[in-house]
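Just so it is clear, none of the values below were taken in a lab; they were calculated from the coordinates. Because the structure is predicted, anything quoted here is derived from the model rather than measured. Note that each Cβ is placed from the backbone with ideal geometry, even for glycine, and that neighbours are counted across all protein chains shown.
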Amino acid sequence: MSPSENDSKVPGLRGVRTTSLFRAVNPELFIKPNKPMMAFGLVTVTLCVGYLGYLHAVKENSRELYEAVDSEGERYMRRKTSKWD
């Protein structure tokens, strides 16, 4: 077997000759994927996005409400609005 045939069987860039600077700047190309860490990261990002969505929903729902009375005397809840809305 020649050295070029042996290098071609290594998947990805692990078999390619590179400088240590390139390996230090791009470690994700040479490190074997870690599935538990990827799952942890996915769950963490999903929880962060969900929490931000929750905060947005709470902020929307907590706008000041007041009780309005229409011309027929019925009461209903209404959000305070601005002249600019």
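Structural remarks
- Of the peptides 78-84, 19-25, the ranking by mean beta-carbon count within 10 Å, highest at the top, reads 19-25, 78-84.
- Ranked by the mean number of other Cβ atoms within 10 Å per residue, highest first, peptides 67-76, 36-45 order as 36-45, 67-76.
- Label separation (Val16 vs Thr44): 2.8 nm, computed from points 7 Å beyond Cα along the C-beta direction.
- Computed E for Glu64/Arg23 - FRET, C-beta separation, R0 41 angstrom, nearest 0.05: 0.10
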